[in-house]
1. If you average the sequence gap of Cα pairs under 8 Å that are 6 or more apart and divide by the length of the range 193-236, what percent do you get for the contact order?
2. Express as a percent, rounded to the nearest 5, the fraction of DSSP beta bridges in the range 70-161 (both residues included) that run antiparallel.
3. Where the centroid of each part is defined by its Cα atoms, how far is the range 126-141 from the range 191-228 in Å?
4. Could you run the Karplus curve 6.51 cos²θ - 1.76 cosθ + 1.60 with θ = phi - 60° over the range 45-55 and give me ³J(HN,Hα) per residue in whole Hz, x for Gly and Pro?
5. Tell me which cysteines of the chain come out unpaired when the rule is another cysteine's Cβ under 4.7 Å.
6. Assigning unit charges at the beta carbon (Lys, Arg +1; Asp, Glu -1) and nothing else, what dipole magnitude in debye, to the nearest 20, does the chain show about its Cα centre?
7. Could you tell me which of F92, M172, P141 has its Cα farthest along the dipole of the chain towards the positive end, charges placed at Cβ (Lys, Arg +1; Asp, Glu -1), taken about the Cα centre?
8. Out of all DSSP beta bridges with both ends in the chain, state the antiparallel percent to the nearest 5.
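Please treat every number below as a calculation from the coordinates, not as lab data. Note that the coordinates shown come from a computational prediction; the quantities given were computed from them, not determined experimentally. Note: ideal-geometry Cβ built from the backbone for every residue, glycine included; neighbour counts use all protein chains shown.
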Amino acid sequence: MDVARGWVRECGSLCILTGAGVSAESGVPTFRGPEGLWKRRDPISLATPEAFAQDPKEVWEWYQWRRKKIRGCAPNAGHAAIAAVEGEKRDFLLVTQNVDGLHRAAGSRRVEEIHGSIWGIRCVGCGAERVERDDFPELPPRCGSCGGLLRPGVVWFGEMLPREASDAAMEMLSRCEVLIVAGTSAVVAPASGYAAAAKRHGARVIEVNPDETPVSGICDATFRGKSGEVLPALLG
Ligand code: BV8
Ligand code: ZN
């Protein structure tokens with residue numbers, strides 16, 4: 001731990017990549033964990049444009065179920081440690097796959113939500129976008145100005161990542177001295193390739209995850225523990 005703490009302390013350019021595991025201790029269901037299943041449906045089958053086209057009401061019931069769960073969750077010590085180290089770094093970027101908004105709630109500011117936010121909504125008709133934290137009385141919700149269907153402001157499987165967020169992430173991965181990969185199973189592309197990209201540019205890569213993942217083998221240090229316990233020790 002001391003060696004890795006030294007890398008983090010001494011580096012001028014730090015990037016942190018997070019996944020659902022970082023929010024697990026806050027009570028947010030992970031994608032692959034048993035508690036992530038809704039009505040026994042595989043999350044990947046619901047988070048697609050095809051599922052929405054076929055049954056927008058059912059897809060919205062799933063997102064409303066997740067929004068309700070997340071609304072009752074607060075950031076944990078892992079989120080707080082990440083928000084704190086941001087203030088100490090000249091060059092810093094948090095890249096998250098999480099749509100729960102807990103990083104921002106913890107005070108993170110230099111953050112790219114590459115898979116969008118569950119609190120965002122967008123009209124498939126006129127493209128109008130806004131943040132809506134309240135539940136919708138009627139599902140699927142409709143756009144107030146054009147009557148079009150509203151969809152969650154997240155990136156679905158088969159959809160491209162938001163250009164700006166993706167470019168900012170790739171830019172940082174090409175110059176960061178240290179990359180911390182926390183709470184991700186590293187199976188969903190393109191984020192699954194970020195550790196290798198940073199490694200190619202000479203970064204030290206540190207993994208925080210109770211389990212082995214496909215990127216463990218290229219890491220310079222791995223901590224098999226919960227991010228809410230490891231990150232405060234590593235970043236504090
Ligand atoms: C794209 C938003 C171009 C929605 C999400 C075939 C082969 C390879 C790739 C593909 C393929 N077919 C299609 C693809 C591309 C596809 C992909 O990768 N599919 C996978 C399933 C194979 N990717 C895409 O479609 C991406 N777009 O590529 O565009 C394109 C376009 C057209 C066609 C081709 C290419 C878009 C991907 C984004 C999808 N949206 N989320 C929503 O949330 O509803 S992805 C979603 O799932 C999350 O955002 C996250 O990215 C992923 C879940 O992964 P994790 O966050 O890592 O969570 P998981 O539960 O899996 O793991 C938790 C980990 O935490 C575990 O390791 C566990 O051990 C650990 N853990 C548990 N507790 C703790 C902990 N760690 C620390 N502390 C703890 N306490
Ligand atoms: Zn509209």
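1. Result for the range 193-236 is 34 percent.
2. Restricted to the range 70-161, the bridges split so that about 75 percent are antiparallel.
3. 36 Å
4. So the Karplus estimates, Gly and Pro as x, are 6, 8, 8, 9, x, 5, 4, 5, 5, 6, 8 Hz.
5. For the chain, the answer is C11, C73, C219, because their Cβ atoms have no other cysteine Cβ under 4.7 Å.
6. 240 debye
7. Looking along the dipole axis, the top candidate is P141.
8. Of those bridges, close to 30 percent are antiparallel.
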